[in-house]
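To start, the structure itself, in structure tokens.
Readers should treat all values here as calculations from the given coordinates under stated rules, not as data from a laboratory. Quick caveat, the model's predicted, so the values are computed rather than measured. Cβ atoms come from the backbone with ideal geometry, glycine included; neighbour counts cover every protein chain shown.
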Amino acid sequence: MSDEGVWTGGTLGIGELARRTGLTQQVIRAWESRFGFPRPARTDGGRRQYSPDDVDRIQRVVALKESGVRLAQAVARVSGEESVAAPSIYAALRDRHPQIESRVLRRDVLVAISHAIEDEAMARASRPLVFGCFQRETHYRQAAPRWEEIARTAGACLVFADFSTVASGVGRPVEVPLEPESPLLREWAVVVTGHSFSVVLTAWEVPRQATVPLHEREFESMFTFDPAAVRTAAEVCVAAARSSRVVPARLLRTLGEHLATEPTPAHGVDALVLRAFDYLQRV
């Protein structure tokens, strides 16, 4: 097999990679020399061998570059998305945005804030990206009607839990199964990022006795409209979707293109707070 074709086992030669990505072989070699990207394996004869995943990686870099991101930044962003070792939203916010304070909130308060975020995301209808972490599939099924409504107006909507299989459909959230060791299985999170409204709420349960009533259970929580922090949370969700290897490549590219845009200033704070107060009054 020549260096330009498809190798046994599904690997690609540089010519086939160039054909699938629309780049020239010279450009691919230049990126490899300058950025160490992509990183091919080598045959005994020294010929480059690429993974089919390299096609998606390069296409994501090209999409970022065409949206106005500098090439070096685009390569770094794509490489950075894939280097998330422990896709935990809470941990990523604590690490990258230490200025955001955490608070211990009761479960009923978290429910009120979550519902307010969901309502505001639907009301604005600005085609945002929306992500939700539910830990257990049974938890998601209770909230599924609300999230199906969200998916109808969202640009993309993904939910994470211990689903046994991936599920999706027109106007429905994409249900992404998580591995048993995934940190997201221990998190409660709602992430919305859009042109007119961006917010993240994430929390993990503080260990308590099993006899504590459901509404009195407490969670260590982080809640912010900071657009950079929201982007960090969204990047963790996209990385988790990518590592699941069940989310369609086309959807992953759409998510990557959305995150390539500049973070938007915080909007909708007053409206969301009023919605949260309304839910708390009902409690």
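In debye, nearest 20: dipole of segment 21-104 around its Cα centre with unit charges on the Cβ of K, R (+) and D, E (-)?
The calculated dipole for segment 21-104 is roughly 240 debye.
Along segment 139-144, what does the Karplus equation 6.51 cos²θ - 1.76 cosθ + 1.60 (θ = phi - 60°) give for ³J(HN,Hα), rounded to whole Hz, x for Gly and Pro?
3J(HN,Hα) across segment 139-144, in whole Hz: 5, 5, 4, 5, 9, 3.
Which ³J(HN,Hα) values in Hz, rounded to whole numbers, follow from the phi angles of segment 182-199 under the Karplus curve 6.51 cos²θ - 1.76 cosθ + 1.60, where θ = phi - 60° and Gly and Pro get x?
5, x, 5, 5, 9, 10, 9, 8, 10, 10, 10, 9, x, 6, 10, 7, 9, 7
Quick one: which residues, 5+ away or cross-chain, put their amide H under 5 Å from the amide H of R172? H built at 1.01 Å from N.
For R172, whose amide H was placed from the backbone, there are no distant partners under 5 Å.
With θ taken as phi - 60° and the coefficients 6.51, -1.76 and 1.60, list the Karplus ³J(HN,Hα) couplings across segment 241-250 in order, rounded to whole Hz; mark glycine and proline as x.
5, 5, 5, 5, 6, 10, 7, x, 4, 4
Along the Cα→Cβ direction, 7 angstrom out, place labels at D95 and E137. What is the inter-label distance in nm?
3.0 nm
Taking the Cα centre of segment 89-282 as origin and charging only Cβ (+1 Lys, Arg; -1 Asp, Glu), how large is the dipole, in debye to the nearest 20?
That gives segment 89-282 a dipole magnitude of about 320 debye.
What residue among L110, I150, I89 has its Cα farthest toward the positive end of the dipole of segment 89-282, where the charges are +1 on Lys, Arg and -1 on Asp, Glu, each on the Cβ?
Working it through, the farthest residue towards the positive pole turns out to be I150.
So how do V200, V78, V190, V246 line up by other beta-carbon neighbours within 10 Å, fewest first?
Least to most surrounded, the residues fall as V246, V78, V190, V200.
Taking a ≥ b ≥ c as the square roots of the Cα gyration tensor eigenvalues, with a/c under 1.5 meaning rounded and otherwise prolate when a/b beats b/c, else oblate, which class fits segment 14-82?
Note, shape of segment 14-82 comes out prolate.
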